[in-house]
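Structure first, then comments.
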Amino acid sequence: GALAGLMMILVGGMVPSGILLPTLNNPTRILDLPTSWQVPSLLLCALMCGPRSAIMASIAYLTIGLFYIPIFQNGGLINYLNDPSFGYLIGFIPAGWLTGRLSRQRGMNNLILLTLSALAGLVLLHGCGVLNLIHGSLLGRWDYSFGEMLFSYSFAQLPGQIVLCPAVGILAICIRRI
């Protein structure tokens, strides 16, 4: 499960996301979302494989990005520890744990509960990122204001990621039944 989760996170970072918008006059249109499938891939791994696999996939992803290959959005390697987005990457670990833990509770085989589990993980992930932004802003580590970074790293990404949570729930239900 962890290896599959790692591969989903790696590939998900390269896959753009969008939603289908039916129209009356034209064929169905795709609305691009300002996010990739990276975070939803982590949440899907947690829903399908549980907290242990999601944590191992997250740690492997962080290890590869920090020590071997610059695979993160803005690069990688050890200097990435000083990047404002690093708190969001660290948030993969508790988000994977929480989502996976919730998914293992009794009666978690319906779309609403799986979607809510994914949303809980997403909120935790963003909470970790925002805490890092606050910490770095108080220490004056970055040239941008807290508000600018909060918008760039959370508010601009969060709506698209929220929209993908039901899709993650649907995929988890389908894959769990296989």
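Observations on the structure shown:
- On the stretch given as the stretch 136-149, residues that are of a type outside the set (Ser, Thr, Tyr), surrounded by 11 or more Cβ atoms within 10 Å (Cβ to Cβ) and more than 23 Å from Gln38 (Cβ to Cβ) total 3.
- Among the candidates Ile69, Ile64, Ile55, residue that is closer than 17 Å to Ala120 by Cα and either more than 12 Å from the chain's Cα centre (by Cα) or among the hydrophobic types (A, V, I, L, M, F, W, C) (or both): Ile55
- Filtered by the rule that a residue be open to solvent by less than 70 Å² (accessible area, probe 1.4 Å) and over 15 Å from Leu89 (Cβ atoms), the stretch 153-167 gives Ala156, Leu158, Gly160, Val163, Leu164, Cys165, Pro166, Ala167.
Here is a yes/no grid of residues against (1) in contact with a helix residue (DSSP H, G or I) (Cβ under 6 Å, 6 or more places away or on another chain); (2) charged (D, E, K, R); (3) surrounded by fewer than 23 Cβ atoms within 10 Å (Cβ to Cβ):
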| site | (1), (2), (3) |
| --- | --- |
| Ala95 | yes, no, no |
| Thr99 | yes, no, no |
| Met108 | no, no, yes |
| Leu111 | yes, no, yes |
| Leu122 | yes, no, no |
| Leu125 | yes, no, no |
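- Taken over the stretch 77-93, the criterion of being open to solvent by 20 Å² or more (accessible area, probe 1.4 Å) and not in a helix (DSSP H, G or I) is satisfied by Leu77, Asp83.
- Within the stretch 99-143, restricting attention to residues that are in a loop (DSSP other than H, G, I, E, B) and in contact (Cβ under 8 Å) with a residue 12 or more places away in the chain, the residue that is nearest to Cys165 (Cα to Cα) is Asn110.
- Selection status of Val163, out of contact with any strand residue (DSSP E or B) (no Cβ under 8 Å at 6 or more places or on another chain) and either in a helix (DSSP H, G or I) or farther than 25 Å from Ile59 by Cβ (or both): no
- Filtering the stretch 47-101 to residues that are at positive phi and of a type in the set (D, E, K, R) leaves nothing.
- Against the criterion of being more than 29 Å from Leu31 (Cβ to Cβ) and of a type outside the set (Asp, Glu), Ser137 qualifies.
The values are calculated or read from the model by the stated rules, or taken from the named source; none is laboratory data. As the structure is a prediction and not an experimental result, all values here were calculated from the model. Positions of Cβ are backbone-derived with ideal geometry, glycine not excepted, and every protein chain shown enters the neighbour counts. These area figures cover heavy atoms from the full protein model, side chains too; ligands, DNA and RNA do not enter into them. Shrake-Rupley method; radii C 1.70, N 1.55, O 1.52, S 1.80 Å.
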